[in-house]
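Enquirer: Right, I'll just put the structure down here and ask away after.
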Amino acid sequence: MSKINQSEKYINQQQLCFSCKNKADSFEKLIYEELQEISQHKVHLQFKKGETIAKQGAFITHILYLKKGMVKLYKEVDYRSNLIFSIHRTGKLLGMASLFGSEHFQYSIAALEDSFVCAIDRKVVEDLIARNGKFAAKVLESVNMDLQLCRDKMVSLTMKQLNGRLADTLLYLSYDVYNKDEFELSLSRKDLAEMSGMSTMSVVRTLQEFQKEGYIENENHHIKIIDKKALHDLSQTG
């Protein structure tokens, strides 16, 4: 995992998990002693926008908790193209699907904004899952949600036309990433293309069509969804 400013690396290093007000939902199921155990086996790292946090194919030694920022999870298909699975903001545990399975990351993670990550020893998390059923259930719930997202993306990419794919991406950003209909887009046009299975030029052209039809307003990476029903209709009809 790459790092930035060494002087900033250990900011809030002494903050213990049980006193953190920004814990992952699953960590709420851990008792004081278990949170102490995690605190003793974690390190705090900061990443600049654009930096790689985890590399596809690298050994999974730590589970990553996104304490602040925004990241993308993506498959490196070849040297020219990627497929973005999902975008995550503050409060997400990353790498959980690889527990008790592959020793290597099956995807890469990169920062879309300056981000702050807690890296927790993988073995400690696996032991807690084995010992604490409530914690294990919340972890499984999170993994299942990620799996459903991948299923939905597979349907979108294989069964829908370009308009439907980009409509799906905009609805996903609205509902699951920004939680509002008007947002400053942290993704590039290339990112949008890699999320939607489209070329960058097709994304630009389709965004222009959506704006012309009055579905959205789009100016300098600021997007406002005007007609959400129309996007839902495009999503349904493909």
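We did not get these values from a lab; they are worked out from the coordinates using the rules stated. The structure presented is a predicted model; accordingly, all values stated were derived computationally and were not measured. Virtual Cβ from ideal backbone geometry, glycine too; neighbours counted across all protein chains shown.
Enquirer: For residue 94, indicate whether it is surrounded by 21 or more Cβ atoms within 10 Å (Cβ to Cβ), in contact (Cβ under 8 Å) with a residue 40 or more places away in the chain and not polar (S, T, N, Q).
Expert: yes
Enquirer: Could you run through the stretch 69-89 and say how many residues are more than 12 Å from the chain's Cα centre (by Cα) and either in contact (Cβ under 8 Å) with a residue 60 or more places away in the chain or under 19 Å from residue 185 (Cβ atoms) (or both)? Working first, answer last.
Expert: Our first condition is that a residue be more than 12 Å from the chain's Cα centre (by Cα); within the stretch 69-89, this holds for 75-83.
Subsequent filtering for residues that are either in contact (Cβ under 8 Å) with a residue 60 or more places away in the chain or under 19 Å from residue 185 (Cβ atoms) (or both) retains 81-83.
Here the count works out to 3.
Enquirer: In the stretch 101-133, what residues are closer than 23 Å to residue 76 by Cα and surrounded by fewer than 17 Cβ atoms within 10 Å (Cβ to Cβ)?
Expert: Residues satisfying the conditions are 101, 102, 103, 104, 106, 113, 114.
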